[in-house]
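Enquirer: Provided herewith is a single structure, encoded as structure tokens, for subsequent inquiry.
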Amino acid sequence: MGDLSHYYFNGIPKEKQPLITVAITCYNVERYISRCIESVMAQTYSNLDILIIDDGSRDKTATICDYYLTQEKRLRVVHQSNLGPGTARNHAIDMAKGEYIAFLDGDDYVESYAYEYMMSAILESSCKLAICDYYTNNDVEPAQIHPLTEDMRAGNIYYVKSDDMITACIEDKEGLPFKNMVWNRLYHKSLLKEKRFPAVMFFEDRLFSLEIMNDVGKAVFVDTPLYHYIIDRKDSLKAQEGFFCIFSEWIPTCKAVRNYLSRIERDDLAYTEDYLMYTRLLDYYSEAKLDKMGDKSKYLEDITATLEKCRDDFDNIFGCRIADPKVKKRMQKFLEHRFIYDHFYVK
């Protein structure tokens, strides 16, 4: 990473602010959507096109969004049938008026200076993509507002090359938020021109994020948390991920990511993706094996058959850079002595 040590966030005059479309996608978030919208309305960056895509909410989310139409002239609201977050974001890309686009989930919120800070970093670095650090908050915490301090104004921003971002994303490196999420970023619209999210309910951002990181060449990283990501929300889509989508969405996504990494000549990371998939499948195997209700055990045969396929390239997969020798030994035991594995490892 290249340090832009001279940087100081001093704001952007209104006449020099490119238009940013903030695309808020939401589904059944009546408890959170007001906080989300108001955090955007309160931005120090004034040249905003606030676009809300309500993805067929069945609670009061749609009504709340429509109320804010009477409060904010920069706001647009679109209601659609429930098609999933990927399709909702695709509609946002098509409808965006801004030269830049930011995605925001309806249960999350942003600091009041989030978009001005990221745009300032983009203008300073001449990059087309800014990525910021973020806070993780649980769903019962009140909004946490952090006033902009002098230390934060002089916070570090860095150039980050595509290869470094992709490596950090796949290997899930601590301290580097270059993961699959799309919401802690500000994109130049040209980056999204020919990009589309897959029409799925889960994992819609994995391949999309990799393609953007690879295409952009370099990005600017703002080492200041600007986004509030809400975790552990029991009624969120994330919490609904489970066995039912292992074979319909999760494994196909893993394979698509793996194939893309191979196409861009990152076979080292393709094997890492395989390793992470098979490691997680071992955990799914244990859950299915212990299931007494039948909801998970019905997937046991297919999980076992998929795990068996790692024999074809075992040494490369479990020889990747982040491979844990204990996990490798566990997988060997699964493949060679299933009865012993079930006795000692399934608990």
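The values are calculated or read from the model by the stated rules, or taken from the named source; none is laboratory data. Keep in mind the model is a prediction, meaning the values are calculated, not measured. No Cβ is skipped: glycine too gets one built from the backbone with ideal geometry, and neighbour counts run over all protein chains shown. Surface accessibility is based on the protein's heavy atoms, side chains included, excluding ligands, DNA and RNA. Shrake-Rupley method; radii C 1.70, N 1.55, O 1.52, S 1.80 Å.
Enquirer: Only one residue in Lys255, Lys238, Lys309 is closer than 30 Å to Ser39 by Cα and either modelled with pLDDT under 95 or outside any loop (DSSP other than H, G, I, E, B) (or both), so which one is that?
Expert: Details: Lys255 fails: closer than 30 Å to Ser39 by Cα; Lys309 fails: closer than 30 Å to Ser39 by Cα.
Within the list Lys255, Lys238, Lys309, the selection yields Lys238.
Enquirer: Out of everything in segment 32-42 that is crowded, with 20+ Cβ neighbours inside 10 Å and of a type outside the set (Ser, Thr, Tyr), what residue ends up being nearest to Glu116 (Cα to Cα)?
Expert: Checked segment 32-42; the qualifying residue nearest to Glu116 (Cα to Cα) is Val40.
Enquirer: What tally of residues in segment 1-18 results from selecting those that are open to solvent by 50 Å² or more (accessible area, probe 1.4 Å), assigned to a loop (DSSP other than H, G, I, E, B) and closer than 18 Å to Gln43 by Cβ?
Expert: Our first condition is that a residue be open to solvent by 50 Å² or more (accessible area, probe 1.4 Å); within segment 1-18, this holds for 1, 3, 5-6, 8, 10, 13-16.
Of the ones still in play, those that are also assigned to a loop (DSSP other than H, G, I, E, B) are 1, 5-6, 8, 10, 13.
Retained after the next criterion (residues that are closer than 18 Å to Gln43 by Cβ): 10, 13.
Result for segment 1-18: 2.
Enquirer: For segment 93-107, which residues satisfy the criterion of being over 14 Å from His188 (Cα atoms), among the hydrophobic types (A, V, I, L, M, F, W, C) and surrounded by 23 or more Cβ atoms within 10 Å (Cβ to Cβ)?
Expert: Leu104
Enquirer: Those residues that are within 26 Å of the chain's Cα centre (by Cα) and exposed (fewer than 13 other Cβ atoms within 10 Å of the Cβ), I need them from segment 268-305; list them, please.
Expert: Answer for segment 268-305, where residues must be within 26 Å of the chain's Cα centre (by Cα) and exposed (fewer than 13 other Cβ atoms within 10 Å of the Cβ): just Asp283.
Enquirer: For Ile157, all conditions in the list (1) modelled with pLDDT under 95; (2) open to solvent by 10 Å² or more (accessible area, probe 1.4 Å) hold save one; what is the number of the exception?
Expert: Single failed check for Ile157: (2).
Enquirer: Now, a different point. Return a yes/no flag: does segment 186-197 have any residue that is crowded, with 20+ Cβ neighbours inside 10 Å, among the basic types (Lys, Arg) and closer than 30 Å to Phe244 by Cβ.
Expert: no
Enquirer: Next question. Please identify the pairs in which a residue from segment 321-339 that is on the phi < 0 side of the Ramachandran plot has its Cβ atom under 7 Å from the Cβ atom of a residue that is open to solvent by less than 40 Å² (accessible area, probe 1.4 Å) and modelled with pLDDT under 95, counting only partners at least 6 apart or on another chain.
Expert: Ile322/Glu171
Enquirer: Any residue in segment 57-77 that is modelled with pLDDT of 95 or more, over 25 Å from Ile231 (Cβ atoms), open to solvent by 20 Å² or more (accessible area, probe 1.4 Å) and part of a strand (DSSP E or B)?
Expert: Looking through segment 57-77, at least one residue is modelled with pLDDT of 95 or more, over 25 Å from Ile231 (Cβ atoms), open to solvent by 20 Å² or more (accessible area, probe 1.4 Å) and part of a strand (DSSP E or B).
Enquirer: While we're looking at this one, here's another question. Take the residues in segment 80-92 that are open to solvent by less than 10 Å² (accessible area, probe 1.4 Å) and part of a helix (DSSP H, G or I); name whichever of them is farthest from Asn28 (Cα to Cα).
Expert: The initial filter retains those residues of segment 80-92 that are open to solvent by less than 10 Å² (accessible area, probe 1.4 Å), namely 84, 86, 88-89, 92.
Subset that is part of a helix (DSSP H, G or I): 86, 88-89, 92.
Details: Gly86: 16, Ala88: 14, Arg89: 16, Ala92: 18 Å.
Looking at the filtered set, the residue picked out is Ala92.
Enquirer: Pairs under 9 Å by beta carbon, first residue within 12 Å of Leu261 (Cβ to Cβ) in segment 154-175, partner in a loop (DSSP other than H, G, I, E, B) and open to solvent by less than 10 Å² (accessible area, probe 1.4 Å), six or more apart or different chains?
Expert: Ile166/Phe178; Thr167/Phe178; Cys169/Phe178
Enquirer: Just need a number here: residues in segment 108-129 that are over 19 Å from Ala219 (Cβ atoms) and either open to solvent by 20 Å² or more (accessible area, probe 1.4 Å) or small (Gly, Ala, Ser) (or both).
Expert: Taking segment 108-129 and keeping what is over 19 Å from Ala219 (Cβ atoms), we get 108-109, 111-113.
If we keep only those that are either open to solvent by 20 Å² or more (accessible area, probe 1.4 Å) or small (Gly, Ala, Ser) (or both) too, we end up with 112.
Number of matching residues: 1.
Enquirer: Moving on to the next point. Looking at segment 105-116 only, could you name the residues that are part of a strand (DSSP E or B) and farther than 19 Å from Arg196 by Cβ? Before you say what the answer is, go through the steps one by one.
Expert: Step one: filter segment 105-116 for residues part of a strand (DSSP E or B), giving 105, 109-110.
The answer is Tyr109, Val110.
Enquirer: While we're looking at this one, here's another question. Picking from Val29, Val22, which residue would you name as being crowded, with 22+ Cβ neighbours inside 10 Å, in contact (Cβ under 8 Å) with a residue 60 or more places away in the chain, part of a loop (DSSP other than H, G, I, E, B) and in contact with a helix residue (DSSP H, G or I) (Cβ under 6 Å, 6 or more places away or on another chain)?
Expert: On the way: Val22 fails: part of a loop (DSSP other than H, G, I, E, B).
The match here is Val29.
Enquirer: Do you know which of the residues in segment 294-306 that are touching a residue at least 40 places away in the same chain (Cβ under 8 Å) and outside any helix (DSSP H, G or I) is nearest to Asp283 (Cα to Cα)? Show your work before the answer.
Expert: Start the filter on segment 294-306 by keeping residues that are touching a residue at least 40 places away in the same chain (Cβ under 8 Å), which leaves 295-296, 299, 302-303, 306.
Imposing the further condition that a residue be outside any helix (DSSP H, G or I) reduces the set to 295-296.
Values: Asp295: 16, Lys296: 12 Å.
Among them, the one singled out is Lys296.
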